[in-house]
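Data block below; observations after.
The values are calculated or read from the model by the stated rules, or taken from the named source; none is laboratory data. Just so we're clear, the structure is a prediction, and the values are computed from it rather than from any experiment. Don't worry about glycine lacking a Cβ; one is built from the backbone with ideal geometry, like all the others, and counts go over all protein chains shown. To get the accessible areas, we keep the full protein, side chains included, count just its heavy atoms, and leave off ligands, DNA and RNA. Shrake-Rupley method; radii C 1.70, N 1.55, O 1.52, S 1.80 Å.
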Amino acid sequence: MPVPPTRLDDFILRMQAQRACIDEAAVRTAQMPGPVLEVGLGNGRTFDHLRQRFTGRPIFVFDREVGAHPDCIPAQEFQRLGDFRRSLPDYLSEGRDPAVFIHADIGSANRAASTQLASELAPVWLRILAIGGFLASDQPVHAAGFQPLPMPGGVTTRHYHFYQRTG
Ligand SMILES: C[S@@+](CC[C@H](N)C(=O)[O-])C[C@H]1O[C@@H](n2cnc3c(N)ncnc32)[C@H](O)[C@@H]1O
């Protein structure tokens, strides 16, 4: 009988998947203009990785408030604070260039609420993202226009998801 994964196993795979998606999106969008969005700044770990992989691009970060490590706090002009349900539509109405990549790390311990939040945000993500741009999400997204892609980097996990905007 195979041993079921522990929460630690799942956590490690999720982190590997985050990194693999960010790295893959950076390579695949290298020739596309446009900003990157970090939806869920949290501690700033993935923001730190994004700013290294997407050097020179504007990276807009979203969270209720800034609670990141002091080394991983973006300049104020790139912070969009408040509830995602409001800050993302507000961002859209700023009329900025379409984003090449949205990294959405929004989950909490309440799995049903996290899935529901992603389904509410998906239509806005679709409108923010360039056609051909990528979405990596800790929640599954079932919305027309998002084509699911295989997890890059040979990572096998149910807890991370990679999509491309097709239309
Ligand atoms: C899993 S953490 C992000 C971790 C981060 N990517 C990192 O690497 O450190 C999720 C974040 O989403 C934020 N969040 C969850 N739901 C939110 C909502 N409805 N509006 C704004 N922020 C929210 C939480 O405050 C939390 O900081």
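Out of all the residues in segment 74-81, is one or more open to solvent by less than 20 Å² (accessible area, probe 1.4 Å) and under 21 Å from THR29 (Cβ atoms)? Checked segment 74-81: at least one residue is open to solvent by less than 20 Å² (accessible area, probe 1.4 Å) and under 21 Å from THR29 (Cβ atoms).
Would you confirm, using the coordinates I've provided, whether PHE60 is in contact (Cβ under 8 Å) with a residue 24 or more places away in the chain, within 15 Å of the ligand (Cβ to nearest atom), closer than 22 Å to ARG165 by Cβ and more than 12 Å from the chain's Cα centre (by Cα)? Can you show your working first?
On the way: in contact (Cβ under 8 Å) with a residue 24 or more places away in the chain: yes; within 15 Å of the ligand (Cβ to nearest atom): yes; closer than 22 Å to ARG165 by Cβ: yes; more than 12 Å from the chain's Cα centre (by Cα): no.
Judged against the criteria, PHE60 is not a match.
Which residue is farthest from the ligand (Cβ to nearest atom), if the candidates are limited to segment 19-42 and must be touching a helix residue (DSSP H, G or I) at 6+ places or on another chain (Cβ under 7 Å) and within 20 Å of PHE78 (Cβ to Cβ)? Ranking the candidates gives ALA26 first. Among the residues making up segment 135-163, those that are within 16 Å of the ligand (Cβ to nearest atom) and either free of Cβ contacts under 8 Å to residues at least 40 places away in the same chain or in contact with a strand residue (DSSP E or B) (Cβ under 8 Å, 6 or more places away or on another chain) (or both) are LEU135, ALA136, SER137, ASP138, GLN139, PRO140, VAL141, TYR160, HIS161, PHE162. The criterion of being out of contact with any Ser or Thr (no Cβ under 6 Å at 6 or more places or on another chain) and under 13 Å from GLU38 (Cα atoms) does not hold for SER93.
Considering each residue of segment 1-18, count those that are without any contact (Cβ under 8 Å) to a residue 60 or more places away in the chain and either touching a helix residue (DSSP H, G or I) at 6+ places or on another chain (Cβ under 7 Å) or among the basic types (Lys, Arg) (or both), and give that number. Outline the logic, then answer.
Looking only at segment 1-18, we keep the residues that are without any contact (Cβ under 8 Å) to a residue 60 or more places away in the chain, and these are 1-9, 11-12, 15.
After this cut, where a residue has to be either touching a helix residue (DSSP H, G or I) at 6+ places or on another chain (Cβ under 7 Å) or among the basic types (Lys, Arg) (or both) as well, the list is 7.
Total meeting the criteria: 1.
Look through segment 3-33, keep the residues that are among the polar types (S, T, N, Q) and either under 15 Å from ARG158 (Cα atoms) or under 13 Å from the mean Cα position of the chain (by Cα) (or both), and return whichever of them is surrounded by the most Cβ atoms within 10 Å (Cβ to Cβ).
Pass one, segment 3-33, residues among the polar types (S, T, N, Q): 6, 16, 18, 29, 31.
Now drop any that are not either under 15 Å from ARG158 (Cα atoms) or under 13 Å from the mean Cα position of the chain (by Cα) (or both), which leaves 6, 16, 18.
Values: THR6: 9, GLN16: 17, GLN18: 22.
Going through the qualifying residues, I end up with GLN18.
The strands (runs of 3 or more DSSP E) falling completely within segment 52-167 that include 3 or more residues that are within 18 Å of CYS21 (Cβ to Cβ) map to 59-63, 99-104, 129-137, 146-149, 161-165.
No other residue among LEU117, LEU126 is of a type in the set (A, V, I, L, M) and touching a Leu at 6+ places or on another chain (Cβ under 9 Å) apart from LEU126. When LEU117, LEU129, LEU121 are checked against the criterion of being more than 13 Å from the ligand (Cβ to nearest atom) and modelled with pLDDT of 95 or more, a single residue qualifies: LEU129. Only one entry in ARG111, ARG86 is out of contact with any Cys (no Cβ under 6 Å at 6 or more places or on another chain), open to solvent by 70 Å² or more (accessible area, probe 1.4 Å), closer than 22 Å to HIS142 by Cα and within 9 Å of the ligand (Cβ to nearest atom), namely ARG86. Could you please give the count of residues in segment 25-47 that are out of contact with any Leu (no Cβ under 7 Å at 6 or more places or on another chain), closer than 30 Å to ARG86 by Cβ and part of a helix (DSSP H, G or I)? Summing the residues that are out of contact with any Leu (no Cβ under 7 Å at 6 or more places or on another chain), closer than 30 Å to ARG86 by Cβ and part of a helix (DSSP H, G or I) in segment 25-47 gives 4.
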